[in-house]
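Okay, structure first, notes after.
The values are calculated or read from the model by the stated rules, or taken from the named source; none is laboratory data. This one's a predicted model, so the numbers in the text were calculated from it and none came from an experiment. Cβ atoms come from the backbone with ideal geometry, glycine included; neighbour counts cover every protein chain shown.
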Number of protein chains: 2
Amino acid sequence: MSNEFEKQEMNVTGEGFLPGLAIDTVIFGFHDNKLKVLLLTYKNTGLFALPGGFIRINEDVNEAARRVLYSRTGLIDIFLDQFYVFGDKSRHDIAPLKTIMQAREFTPDDNHWLLKRFVSIGFYALVDFTKAIPTPDSISDSCDWFELDDLPVLMQDHRQIIDKALQTLQTNLDHKLIGFNLLSENFTMGDLQSLYETILNKKLIRAAFQRKMLSSGILERVAKKWTGGAHKAPYLYRFMAGR
Amino acid sequence: MSNEFEKQEMNVTGEGFLPGLAIDTVIFGFHDNKLKVLLLTYKNTGLFALPGGFIRINEDVNEAARRVLYSRTGLIDIFLDQFYVFGDKSRHDIAPLKTIMQAREFTPDDNHWLLKRFVSIGFYALVDFTKAIPTPDSISDSCDWFELDDLPVLMQDHRQIIDKALQTLQTNLDHKLIGFNLLSENFTMGDLQSLYETILNKKLIRAAFQRKMLSSGILERVAKKWTGGAHKAPYLYRFMAGR
DNA sequence: GCAAAAGTGTTTAGGTTACACCCATGG
DNA sequence: CCATGGGTGTAACCTAAACACTTTTGC
């Protein structure tokens, strides 16, 4: 179903899309106690990039971002938010784009629409790592998770976009209580704490963390317990639907 | 000096500007214990709008916003921040634009660049009311302060833009300590408190407010005192340069 | 039994609220 | 001298930090 979009993304005129405007999404996942982001890889070029896309003529900007998120992960109803517009003229850098196109046997004209200056609206998304199905787009070879503290060199200003997204996530984590979106439906308090510790990059006090979370009233204790380790079985918690 | 821009803003092709992309600025001021915003007025049309503008081909988006702010107020080095991108397709509403143009004896073609769909980047600015010199742009008749709780009907989605800007201001007021930008260089604690009360729309406890502000360490007490009322002379405070 | 992780109780510290009191000033 | 607004002191209150203790489980 996304074939139709993808064909359009590669068309020669850029017709059907708002000109000069793009979306870049920083898709965060959490696995093995590591924060990860989803990157597109271009195998024959050594280039890495954030998933992104363009806005269709008859589409809301936020809708376009959801479409990008869906087509890279297969997920809907996911936490997704704008965080910044990247609009410096200095970000205009056509070399990597030319490389990518040429690696696909396509030599673009110098005023090909993709080589024009773009202003990009940055979005960040929080997804359940186990549920996302990374899917490359029409001009990339693969789409994979990369650890946030072990990122490859990224094209254009995509590294700054990730940094700014992480900052936003850090400042909103407490305030908006959005961490759950990175975990599976049921999780232990330990899972949640190590998620927080990873995002904020600092140790938290176990007892204090537990009480703060419980007193916030948004966690529901699921009666079931865990099976596994050589220690007391932790409760499982769930984000309460009733806000 | 802004003549050059303004001529361009009215040109027929939109040449020199990024297509389909605009800036809208919510410029906040504070006077007589009222929060105000700067609006452009179109006298022969009954239309009101936020100051806005376009981004020049060779200009950063944030630069463009500073240029708009400068050309409407004469102010530089002002608090100015992005807060949201308004990109719904439903905001495309050409009727008011046609009205404005026709009121200026200009009947645009239906595919005039100004009548195309625009995505707008919302900025909010905090200015010293006494220092700003409201200045209309080339297509408006005047530029004036309006009380936030007594706004006229605004064109397109500008009312929603203001509402979202106010929300952003409210949530950032404590966190980022940006209130000072709305006052003159020196102010009393009472001034600051009534500013906070106006923005947050609730009464604050005097003693608690004073201590919180003083303990934040960003206020410097200026030795001079106030002349005036039938009561103890309050200290004047100043925002500390040393962050 | 012991180590490890989980859950909770208790004490302490720091910040906020509420209330009180004194200060300065103009009428 | 008193009403008014400004500044600070004090105690009550609440939340968070620090620490301790108990529970559960696999080895």
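Within region A:76-85, if we keep just the residues that are touching a Lys or Arg at 6+ places or on another chain (Cβ under 8 Å) and not aliphatic (A, V, I, L, M), the residue that is nearest to the other protein chains (Cβ to nearest Cβ) turns out to be A:TYR84.
Checking each residue in region B:39-81 for being more than 20 Å from B:LYS116 (Cα to Cα), of a type in the set (D, E, K, R) and touching a residue at least 40 places away in the same chain (Cβ under 8 Å) picks out B:LYS43, B:ARG67, B:ARG72, B:ASP81.
For region A:61-74, does any single residue satisfy the condition of being assigned by TED's automatic domain parsing to the domain that holds A:ASP137 and touching a Lys or Arg at 6+ places or on another chain (Cβ under 6 Å)? Scanning region A:61-74 turns up no residue that is assigned by TED's automatic domain parsing to the domain that holds A:ASP137 and touching a Lys or Arg at 6+ places or on another chain (Cβ under 6 Å). Number of residues in region A:192-212 that are of a type in the set (Val, Ile, Thr) and out of contact with any helix residue (DSSP H, G or I) (no Cβ under 9 Å at 6 or more places or on another chain): the value is 1. Taken together, the criteria place A:LYS176 among residues that are within 14 Å of chain B (Cβ to nearest Cβ), loosely packed, with under 14 Cβ neighbours inside 10 Å and either within 12 Å of DNA strand D (Cβ to nearest atom) or basic (Lys, Arg) (or both). Filtering region A:202-224 to residues that are in a strand (DSSP E or B), basic (Lys, Arg) and within 14 Å of DNA strand D (Cβ to nearest atom) leaves only A:LYS224. Residues that are more than 25 Å from B:ASP81 (Cβ to Cβ), in contact (Cβ under 8 Å) with a residue 24 or more places away in the chain and within 16 Å of DNA strand C (Cβ to nearest atom) are absent from region B:169-185 altogether. Residues being within 16 Å of DNA strand D (Cβ to nearest atom), loosely packed, with under 12 Cβ neighbours inside 10 Å and either in a helix (DSSP H, G or I) or more than 16 Å from the chain's Cα centre (by Cα) (or both) are entirely absent from region A:150-160.
Do you know which residues across region B:206-243 are more than 9 Å from DNA strand C (Cβ to nearest atom), modelled with pLDDT under 85 and hydroxyl-bearing (Ser, Thr, Tyr)? The answer is none; no residue qualifies. Screening the candidates B:ILE133, B:ILE121, B:ILE199, B:ILE139 for the property of being outside any strand (DSSP E or B), buried (at least 17 other Cβ atoms within 10 Å of the Cβ) and in the same structural domain as B:ASP32 (by TED's automatic domain parsing) yields one hit, B:ILE139. Checked against (1) surrounded by fewer than 19 Cβ atoms within 10 Å (Cβ to Cβ); (2) modelled with pLDDT of 95 or more, A:LEU126 passes all but a single condition, namely (1). Inspect all residues belonging to region B:184-195 and state whether any of them is over 22 Å from B:ALA132 (Cβ atoms), surrounded by 15 or more Cβ atoms within 10 Å (Cβ to Cβ) and within 13 Å of DNA strand D (Cβ to nearest atom). Yes: region B:184-195 contains one or more residues that are over 22 Å from B:ALA132 (Cβ atoms), surrounded by 15 or more Cβ atoms within 10 Å (Cβ to Cβ) and within 13 Å of DNA strand D (Cβ to nearest atom).
Within region A:8-22, is there a residue that is within 29 Å of B:LEU80 (Cα to Cα), at pLDDT below 95 and more than 14 Å from chain B (Cβ to nearest Cβ)? No, there is no match, as no residue in region A:8-22 is within 29 Å of B:LEU80 (Cα to Cα), at pLDDT below 95 and more than 14 Å from chain B (Cβ to nearest Cβ). When you look at A:LEU97, is it out of contact with any Gly (no Cβ under 9 Å at 6 or more places or on another chain), modelled with pLDDT of 95 or more and among the hydrophobic types (A, V, I, L, M, F, W, C), yes or no? Considered against the rule, which asks whether it is out of contact with any Gly (no Cβ under 9 Å at 6 or more places or on another chain), modelled with pLDDT of 95 or more and among the hydrophobic types (A, V, I, L, M, F, W, C), A:LEU97 comes out as no. The set of residues in region B:36-75 being outside any loop (DSSP other than H, G, I, E, B) and within 14 Å of chain A (Cβ to nearest Cβ) consists of B:GLY53, B:PHE54, B:ILE55, B:ARG56, B:VAL61, B:ASN62, B:GLU63, B:ALA64, B:ALA65, B:ARG66, B:ARG67, B:VAL68.
Filter region B:107-118 for residues that are more than 14 Å from chain A (Cβ to nearest Cβ) and assigned to a helix (DSSP H, G or I); which is farthest from A:GLY87 (Cα to Cα)? The residue in question is B:LEU115.
Just one of the listed residues (B:ARG104, B:ARG91) is within 14 Å of chain A (Cβ to nearest Cβ) and not polar (S, T, N, Q), and it is B:ARG91.
Scanning region A:76-90 for residues that are surrounded by fewer than 18 Cβ atoms within 10 Å (Cβ to Cβ) and in contact with an Asp or Glu (Cβ under 8 Å, 6 or more places away or on another chain) yields A:ASP88, A:LYS89, A:SER90.
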